Structures are given as C-alpha cells and as structure tokens.
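J.: Below you will find the structure I want to go over with you.
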Amino acid sequence: MVSRRLIRIKAFKVLYAAESSQNASLAWAEKELLHSLDKTLDLYYFFLNVVPSLTRVARERVDIAHSKYLPTQEDLEVSSKFADNALSPILESTPEFQKICKRGGLSWAEHDVFVKRLYASVAESDYFKAYMASECRSLAEDCELFKNIFAEEFEDNELLEDLLEEKSAHWIDDVGYVLNVIISDLDRIARNGRMVFHDVFLKDDDKDFALQLIRTSLTRYDDYIGRVRDNAPNWDPERIVTVDAALVAMGLAEAAGCPTIPIKATINEYVEISKYYSTPQSHVFVNGLLDVIIKNMVASGEIVKEGRGLFEGTTAKTN
C-alpha cells in the first residue's frame, strides 16, 4: 500500500515531533510511525466505504420521487441508474471489507450531511450528467464514474479536510496518495468484479526500511546536526528551520543505513519533500548540505554502498 516516499514523509514527521518534544523515546517513535502507516490503509477503506453511502442517498432520492402521491412526469422520469450501480453491491457483499470497516470505525453514518452535500455536488457535475444520459449500464461504466467522483470531489475539498482532521491527525497528508491507489484499483475491480485488498507495505522489506530510518535518524540526530554545523560555517543555529534540520538528518540516516539505495535517489527524495513541508528556499539548503556531508561520509568510509552506480550523480536537481 504505502510507497517509500510516503514512508519517508511519515518518518520525517515522527522525527520532527520527537525532536520538538525533546523527550520522546525511540520506542514511542517506532510505535507512532507504524501506527501512522496503518492509518493510511484505514483511509483507503474509509474512502471506498463512501460508495455505498452515496448510493443510499441516490436510492432515497429516487424512492421519494417515485412514491409521491401525485408525482409529476419529471418525478416519474427520475433515473435509478446511479442508485442501481454495480460497484456498491460488490463492496456491501464482501465480508472482509465490511469487517475491516466495522472494526476500524470507518463508517460515513455520522457524516450524513457531508455525504448529502457530496451527492449534490456530484449530481451537478458534467461527468455525472453524461453518465446518467448514457444508456449503457455496466460495472466498468460505474467504476469510471466513481473514478471521476474521487478525482474531482475529494481533492482540495475543505469540508472533507475538516472531517478527516477530526477523525485522524494522520490522514490529511495521505489523501492524494490514497486517491491515486483507489482510482487505479477501480480499474482492477471493473475487470475482475472483486474487491482489491492491500497490506500496509508494498514490499516485504519496507517495514524494515521504515524502522531503520526512524531508528538511525533519532539515535544519531545530534551527530548529524553537528555535521551540518561543521559544513555550514555561516549558518546561525537559531535561525535554521527545524523542518530542514530533520530532513537533512533523515537523509544522512538513509544514506548511511540503506546500502542498496543510490545516493542520488536519497538526496532527490528529501529535496522533493522539503518543497512541500518547508520554506521556498529549503530545497536548496537540504540539497547542498546532503550533497557535501554525504560526499565526506563516503570518503571517510562511513557510507558504503552495495552494487555499481550507487554513488553516481550525488547532486539533486534544485529547480
């Protein structure tokens, strides 16, 4: 489920929180990181569980229109196409999915107002009107509709952001990544007619990577920050953005503790993260310090890479 970049982001946030508190233990940091990664998978199932909720709202609208004592022709012509979509029954009839949602409290029942507003927004969209106007009825078309719903309605949705912040402090930065996974999985569901289930980690060694990253970053943090001071003589320790310090420390921890990851890849990752989580010029600082310090650590034998090409191109792009 979670990518290496998402692991880095979550590890960086745990490191930042640990250093800000100045009394967090390594055991706490490891537990918090794994919990944060587990919550990404919860968000995936929570988002998917909106499908039956939206479908129920649509069914209610159709039933109300058709059951009026004196229905108008317009009422009688209200289409049940969306209410009868083929995706919702797949989710509702999959015991494992229902069990996951119930166990994790991943229900939209308490967010009825949001779901109704979401349906109203969807109903006004051009993609929904085109879907309803089509005579085709298929799982593939229904999945395509929900791909549009997730892509168009869930990104940059302030109401959704408020809802997610109330439910979990770990979710707000996962939205874009989780939506991309869901959109990809809807194509698989359209082809196979079955739910897609994920483990937290994409690869067997990703959990080890996550724990190695937080352990090395936290236990050697003071040493790494000392290296930053030594290599930035004009740097005022009181003025550096704490986020940048955490990113440089984590980049050094990865370069030193992960012998199979190319140095260029490591620097590029932390430069990219700095663009989203720090100041506009932070990527220049992070890039420069990582490049210089890593080169020194390679020369001293503190960083050893396995395989050819892992030392090449150590300077990341900063534009």
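J.: What helices (runs of 4 or more DSSP H) completely inside region 131-227 contain at least 1 residues that are more than 27 Å from Ala17 (Cα to Cα) and at pLDDT 95 or above?
T.: Answer list for region 131-227: 139-153, 175-192.
J.: Right, here's the next one. Given the criterion under 24 Å from Leu179 (Cβ atoms), touching a Ser or Thr at 6+ places or on another chain (Cβ under 7 Å), assigned to a helix (DSSP H, G or I) and modelled with pLDDT of 95 or more, identify the matching residue among Lys99, Lys39.
T.: Lys39
J.: For Gly251, state whether it is touching a residue at least 24 places away in the same chain (Cβ under 8 Å) and either among the aromatic types (Phe, Trp, Tyr) or open to solvent by 20 Å² or more (accessible area, probe 1.4 Å) (or both).
T.: no
J.: Here is a follow-up. Of the numbered conditions (1) over 21 Å from Gly193 (Cβ atoms); (2) modelled with pLDDT of 95 or more, Glu92 satisfies every one except a single condition; which is it?
T.: Only one criterion in (1) over 21 Å from Gly193 (Cβ atoms); (2) modelled with pLDDT of 95 or more is unmet by Glu92, namely (1).
J.: While we're here: Name the residue that is most open to solvent (accessible area, probe 1.4 Å), counting only residues in region 264-305 that are of a type in the set (Val, Ile, Thr), under 28 Å from the mean Cα position of the chain (by Cα) and modelled with pLDDT under 95.
T.: For region 264-305, the residue satisfying everything is Val284.
J.: Among the residues of region 104-137 satisfying the criterion of being more than 16 Å from Asn85 (Cβ to Cβ) and among the basic types (Lys, Arg), which is most open to solvent (accessible area, probe 1.4 Å)?
T.: Selected residue: Arg117.
J.: Return only the number of the condition from (1) open to solvent by 60 Å² or more (accessible area, probe 1.4 Å); (2) touching a residue at least 24 places away in the same chain (Cβ under 8 Å); (3) under 16 Å from the mean Cα position of the chain (by Cα) that Leu160 does not satisfy.
T.: (1)
J.: For Ala18, indicate whether it is surrounded by fewer than 19 Cβ atoms within 10 Å (Cβ to Cβ) and at pLDDT below 95.
T.: The answer is no for Ala18.
J.: Any residue in region 201-215 that is within 30 Å of Phe82 (Cα to Cα) and either among the small types (Gly, Ala, Ser) or touching a strand residue (DSSP E or B) at 6+ places or on another chain (Cβ under 8 Å) (or both)? Show your work before the answer.
T.: Of the residues in region 201-215, the ones within 30 Å of Phe82 (Cα to Cα) are none.
Checked against the condition, which is being within 30 Å of Phe82 (Cα to Cα) and either among the small types (Gly, Ala, Ser) or touching a strand residue (DSSP E or B) at 6+ places or on another chain (Cβ under 8 Å) (or both), region 201-215 yields no hits at all.
J.: Please go through (1) assigned to a helix (DSSP H, G or I); (2) open to solvent by 80 Å² or more (accessible area, probe 1.4 Å); (3) modelled with pLDDT under 95 for Asp75 and return the number of the only condition it doesn't satisfy.
T.: Of the numbered conditions (1) assigned to a helix (DSSP H, G or I); (2) open to solvent by 80 Å² or more (accessible area, probe 1.4 Å); (3) modelled with pLDDT under 95, the odd one out for Asp75 is (2).
J.: Which number in (1) of a type in the set (A, V, I, L, M, F, W, C); (2) open to solvent by 30 Å² or more (accessible area, probe 1.4 Å); (3) without any contact (Cβ under 8 Å) to a residue 40 or more places away in the chain marks the one condition that Ala83 misses?
T.: All conditions are met except number (2).
The values are calculated or read from the model by the stated rules, or taken from the named source; none is laboratory data. Please read these numbers as outputs of a predicted model, since none were measured by experiment. Glycine also receives a Cβ, built like all others from the backbone with ideal geometry; neighbour counts cover every protein chain displayed. Ligands, DNA and RNA are excluded from the accessible area calculation, which covers all protein heavy atoms including side chains. Shrake-Rupley method; radii C 1.70, N 1.55, O 1.52, S 1.80 Å.
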